[in-house]
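The values are calculated or read from the model by the stated rules, or taken from the named source; none is laboratory data. Bear in mind the structure is a predicted one, so any value in this text is a computation, not a measurement. Cβ atoms come from the backbone with ideal geometry, glycine included; neighbour counts cover every protein chain shown. Each accessible area value is taken on the protein alone, full model and side chains, heavy atoms only, with ligands, DNA and RNA left out. Shrake-Rupley method; radii C 1.70, N 1.55, O 1.52, S 1.80 Å.
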Amino acid sequence: MQRILSLGAPMRNCRLLLAAITLVTSSAMAESTATTPEKAPSVSEKVLKNGLKVLVKEDHRAPIAVVQVWYRVGTSYEHEGITGLSHALEHMMFKGTTKRKSGDFEVVLSRIGAQNNAFTSQDYTAYYEVLAAKHIETAFELEGDRMRNLVLDKDEFAKEIEVVKEERRMRTDDNPNGVMREQFNAVAYLNNPYRAPVIGWMNDLDHMNLDDLKDWYKKWYGPNNATLVVAGDVDPEKVFELAEKYFGHYEKSVLPEVKPRTEIPQIGKREIRIKAPAKVPSFRMGFKTPGLITAKQGKVEEWEPYALDVLANVLDGGSSARLTKKLIRGKEIAAGTGVGYMSYGRMPEMFIMTGVPATDVSVDTLRKAFMEEIELMKTTLVTQDELDRVTAQVIASEIYQRDSVQHMATTLGMLESTGIGWQLMDEYEEKILAVTAEQIQTVAKKYLNEDQMTFAELVPQSLTEGAK
């Protein structure tokens, strides 16, 4: 089965992601809050003696459940020479254990009609099953088994690492936007580990060996480095019992010390031009910004990440957003635009803007128009209509997301695994809707400056030129 390589949430989905989920919680609890003076926690939590954290989100509207195990390890824990190791281990986690031979995992789950997969990011690696709620014990048994009993076989690894290399060729090497994104990150970051691709550099994949995986598995795949998330038609106490049964007997791991790798201040604009086979030119620009973790640590004002989130949505949040309305439909100089604020990592990330010029329009022309829109954000306040639109989009997003139990579970796991804490799910809506026009202007002035910008231009090449 093909595994998912997660490079972070898609640009249009990452903004206001948590606000939509929070509204699910609010609406689901509306009846209980009307009759009780104090709102109960939206999530049941328990930490086992060995350090495994268990989070349970009840949703009894359908007899299904999602079981996820999140390990706090990803590309940002790796160093030069071993990039891609977390993702390669993810592939090997679907092989045999001391109790089951390779292939049994899929057979057992397919017999009960379950779906399963995994994903790796800079900050975590997660495994999940979506299945009928009555079968959750099967998922617990399988996940508990492979937490500490994985058998890493030399022949299996030799085949699987070739699968990983082919995945890299498909997603990056043969994808001009993938090439631009990868080289952009490598230039934008100097000492932040986010500069390395999740899938790893090809040279590192070529020299990866089985001992590397064994060491990584032993170091990081312990109960005290994991979060078990269960959402759906389940009873929290029953979940806690199953967690104790299938995970509670493992000893705590001695986890490696994680050294701080804070990005050094950028002191000037960085620009690169990437020549790759492509049909149309495009560009990617990013500004260093704080994240939710930065605010939690008290390094910036608590409202700043939320203001950046709303700023991104004002610029690119649907057909009425500024870039779409003014540059695509108005001036007709852009064929495509995108804005994304990456706020949820365990380290600060960036405010990203992308553009594809319209036919016969140069990259420089569209870039200038982008900078003019940024300058407007600094010199004039956004309108109340624009703030109201953002509020309406939060509510609209809730309608689409409220039926996704898997989405709820994933948000809990992501927040917990990055150190932000699942409690933010219950706070995000209120804080995002409290953002003012003055705060948006303040963060635009503070962070969207050229000295903190990295700019990458994709220069299309023919297939023949690209091969050379």
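When you go through SER102, SER44 one by one, which is the residue that is surrounded by fewer than 24 Cβ atoms within 10 Å (Cβ to Cβ), more than 20 Å from the chain's Cα centre (by Cα) and modelled with pLDDT under 95? If you could, list the steps in order and put the result at the bottom.
Working: SER44 fails: modelled with pLDDT under 95.
Just a single option satisfies the conditions, and that option is SER102.
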*With (1) modelled with pLDDT of 95 or more; (2) assigned to a loop (DSSP other than H, G, I, E, B); (3) of a type in the set (Asp, Glu) as the list, and ASP403 as the residue in question, which single condition is left unmet?*
(1)
*How about region 329-363: which of its residues are among the small types (Gly, Ala, Ser) and either part of a loop (DSSP other than H, G, I, E, B) or open to solvent by less than 10 Å² (accessible area, probe 1.4 Å) (or both)?*
ALA334, GLY338, GLY340, SER343, GLY345, GLY355, ALA358, SER362
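Pick out, from region 205-303, the strands (runs of 3 or more DSSP E) lying fully within it that include 2 or more residues that are touching a residue at least 40 places away in the same chain (Cβ under 8 Å) and open to solvent by 50 Å² or more (accessible area, probe 1.4 Å). Write out each step before concluding.
On the way: elements: 226-232, 270-277, 282-288.
Qualifying strands (runs of 3 or more DSSP E): 270-277.
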*Of (1) surrounded by 18 or more Cβ atoms within 10 Å (Cβ to Cβ); (2) more than 23 Å from LEU381 (Cβ to Cβ); (3) of a type outside the set (Gly, Ala, Ser), LEU323 satisfies all except one. Which?*
(2)
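If a residue has to be among the acidic types (Asp, Glu) and under 21 Å from the mean Cα position of the chain (by Cα) to count, how many in region 310-363 make the cut? I'd like the intermediate steps shown before the answer.
Quick first cut of region 310-363, residues among the acidic types (Asp, Glu) only: 316, 332, 349, 360.
From what is left, the residues that are under 21 Å from the mean Cα position of the chain (by Cα) are 316, 349.
Residues in region 310-363 being among the acidic types (Asp, Glu) and under 21 Å from the mean Cα position of the chain (by Cα): 2 in total.
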_helices (runs of 4 or more DSSP H) lying entirely in region 113-204 (those with 2 or more residues that are open to solvent by less than 30 Å² (accessible area, probe 1.4 Å) and in contact with a Ser or Thr (Cβ under 9 Å, 6 or more places away or on another chain))_ = 136-148, 176-188
*Say whether the condition of being outside any strand (DSSP E or B) and more than 22 Å from MET347 (Cα to Cα) is met by at least one residue in region 63-74.*
yes
*asked:* Suppose we filter region 434-456 for residues that are open to solvent by 40 Å² or more (accessible area, probe 1.4 Å) and either in contact with a Gly (Cβ under 9 Å, 6 or more places away or on another chain) or more than 13 Å from GLU304 (Cα to Cα) (or both); how many remain?
replied: 4
*asked:* For the condition farther than 27 Å from SER121 by Cα, in a helix (DSSP H, G or I) and in contact (Cβ under 8 Å) with a residue 24 or more places away in the chain, what is the one hit in MET377, MET425, MET414?
replied: MET377
